[in-house]
Structures are given as C-alpha cells and as structure tokens.
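Only one structure is covered here, and it is reproduced in the block below.
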Amino acid sequence: MPKIGIDPGHGGSDPGAVAASGLQEKDVTLAVGLALRQLLQGAGIAVVMSRTGDQDVSLADRAALFNREQVDLVISLHVNSAGTPANYASTFILAPGGQAEKLARLIQAEVVAATGWPDGGVRQANFYILRETDDPAVLVEMGFISNPETAAQLATPAVQQSLARTIFRGLALYLDLQLSEPRDIQGHWAETAIRQVMAAGIMSGYPDGTFRPDQNATRAELAAALANLLARLNFNTV
C-alpha cells in the first residue's frame with residue numbers, strides 16, 4: 001500500500017486566510033486533513049501528517065518530513081481568498097504531464113461534483129510544497145473563505161467531512177482502490193437506495209463490513225445522516 005502525505009496548510013501563529021466571520025483557514029485545513037487521514041487509514045493506507053494540531057510548521061520542515069518519510073503522494077490542503085467576489089474550487093500542480101496532474105484532475109472532478117462550486121480547473125503554480133517534495137504533490141484550494149456563504153459552509157463539521165470524502169474518492173480512483181462495500185446489502189430490497197446514499201456520502205457502513213439494513217437507526221445515526229445531507233444541500237446553494 002502507498003504512503004500518503006497530508007499537509008493541512010498554515011497553523012499556529014499563521015492563521016492563513018481569515019473570513020469576515022473570524023473563521024481561520026488553518027482550522028478548516030486541519031479538520032479536513034484529520035478526517036482525510038481517518039478515511040485513508042480505514043482503507044489500510046499509511047499516512048504522514050505535517051501537523052496534527054494548531055502548531056507552527058515551516059514549509060521547509062513540511063517538505064523535509066515528507067521526503068524523509070518517503071511518501072508516495074502529497075496532498076496539501078488550503079482555502080482560497082480574494083479581495084473581489086469569487087467562489088470556485090481549484091487544484092494546483094507544479095507542472096503538467098505527470099502523475100501529479102493525473103491525481104489533481106481526479107480530485108478536482110470529485111470536489112466540483114460534490115460541492116457544485118464552479119470549476120476553477122487544474123492550475124500550475126510554483127508553490128514551495130509542490131516544488132520541494134520528491135514525489136507527486138497537489139495543492140487543493142477548497143473554495144473561497146472570503147465568500148461569506150462558502151465560509152459559513154466551511155465552518156461546519158459536516159462540510160469538512162464531505163470535503164475529506166471527496167478528496168479521498170479522488171485518491172481512491174488514482175490508486176485504483178477497490179473500496180469495500182457492506183457484505184449484507186446484495187439482494188436486499190433497498191440495495192439500490194443504500195448504494196446511492198453511500199456513494200453520496202450521506203450514510204456509511206459499519207467497521208465490521210456490514211450495513212445492517214434491517215437494524216433500527218439510533219438518533220445519533222439519523223443525525224449524522226441528516227448532517228451529511230445538509231452539507232450536500234448547502235454546497236449546492238452557493
């Protein structure tokens with residue numbers, strides 16, 4: 001299995017971009033990064049995080065860590081900002097034609113499909129983390145924190161989790177992962193509906209590989225499913 005480097009942008013004394021509401025980029029990138037780590041580890045993939053808390057980590061230290069750990073891919077997470085009205089998702093690479101571009105296009109397509117945000121495309125930039133890591137690296141700009149509606153979405157755990165899932169799906173496509181599905185839904189009368197809500201990230205199975213389609217849902221499970229649904233609805237209203 002590959003080893004993935006996750007780089008939640010900014011942190012510590014560097015808040016990154018800040019919304020009018022006070023939401024800080026560093027908090028969004030960390031929340032998405034930790035959720036992405038959980039998904040990857042659940043799929044049996046080793047993960048190296050540049051930070052797991054609100055601490056200062058220099059760009060040089062981030063790149064050096066990933067190179068020292070010999071990760072196979074690097075995903076750097078950021079949120080954009082602009083002085084003029086803007087709202088789109090984009091994914092950056094250092095140069096076209098390589099594995100980074102292939103990965104970036106898969107992640108970009110998943111993020112746009114899930115959020116409904118305008119497609120800012122795959123772009124080139126001489127960002128430090130893209131330039132100084134030894135293996136393919138992409139930098140995902142998850143919308144604009146300067147957009148009040150987007151900032152309100154980014155502040156919610158449901159939307160942060162949803163972004164993590166979209167990036168995970170792009171990685172899964174790149175790595176050709178055969179993601180496991182619950183073993184107890186085949187032939188069930190609600191199989192199609194179950195597959196739809198799982199594909200949309202609204203519901204998921206249990207860690208033991210089951211969905212338990214005939215089991216009553218707890219209030220907590222219902223709340224989690226509704227939160228995921230609200231995240232998708234909120235994305236599509238921007």
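Among the residues that make up the stretch 136-152, is at least one of them more than 19 Å from I93 (Cα to Cα) and in contact with a Phe, Trp or Tyr (Cβ under 7 Å, 6 or more places away or on another chain)? Within the stretch 136-152, one or more residues are more than 19 Å from I93 (Cα to Cα) and in contact with a Phe, Trp or Tyr (Cβ under 7 Å, 6 or more places away or on another chain). Do we have any residue at all in the stretch 127-141 that's crowded, with 21+ Cβ neighbours inside 10 Å, under 22 Å from A19 (Cα atoms) and among the aliphatic types (A, V, I, L, M)? Yes: one or more hits. Across the stretch 1-56, the number of residues qualifying as small (G, A, S) and surrounded by 15 or more Cβ atoms within 10 Å (Cβ to Cβ) comes to 11. When V112 is tested against the conditions (1) under 27 Å from N228 (Cβ atoms); (2) in contact (Cβ under 8 Å) with a residue 24 or more places away in the chain, the lone failure is (2).
Just one of the listed residues (L59, L23) is of a type in the set (A, V, I, L, M), modelled with pLDDT of 95 or more, more than 14 Å from the chain's Cα centre (by Cα) and more than 21 Å from L154 (Cβ to Cβ), namely L59. For the stretch 51-70, the condition of being outside any helix (DSSP H, G or I), under 23 Å from R37 (Cα atoms) and among the basic types (K, R) holds for at least one residue. List pairs: first residue in the stretch 196-216 and outside the structural domain of V159 (by TED's automatic domain parsing), second residue among the hydroxyl-bearing types (S, T, Y) and outside any loop (DSSP other than H, G, I, E, B) anywhere in the structure, Cβ distance under 7 angstrom, at least six positions apart or on different chains. Listed by first residue and then by second, the contacts come to G201/S162. If you go through the stretch 200-225 and keep only what is exposed (fewer than 10 other Cβ atoms within 10 Å of the Cβ) and of a type outside the set (S, T, N, Q), you end up with P207, D208, D214, R219, A220.
The set of residues from the stretch 155-168 being surrounded by 24 or more Cβ atoms within 10 Å (Cβ to Cβ) and more than 11 Å from T29 (Cα to Cα) comprises V159, S162, T166, I167, F168.
Of the numbered criteria (1) touching a strand residue (DSSP E or B) at 6+ places or on another chain (Cβ under 7 Å); (2) under 20 Å from H10 (Cβ atoms); (3) surrounded by fewer than 23 Cβ atoms within 10 Å (Cβ to Cβ), the one V122 fails is (2). Every condition in (1) touching a Ser or Thr at 6+ places or on another chain (Cβ under 8 Å); (2) surrounded by fewer than 22 Cβ atoms within 10 Å (Cβ to Cβ); (3) at positive phi is met by A152 except one, and the failing one is (3). The set of residues from the stretch 120-154 being within 14 Å of the chain's Cα centre (by Cα) and not in a helix (DSSP H, G or I) comprises V138, L139, V140, E141, M142, G143. The residue that is modelled with the highest pLDDT, among those in the stretch 169-183 that are charged (D, E, K, R) and surrounded by fewer than 18 Cβ atoms within 10 Å (Cβ to Cβ), is D176.
The values are calculated or read from the model by the stated rules, or taken from the named source; none is laboratory data. Here the structure is a predicted model, which means the values were calculated and not measured. Note that we place each Cβ from the backbone using ideal geometry, even for glycine, and neighbour counts take in every protein chain shown.
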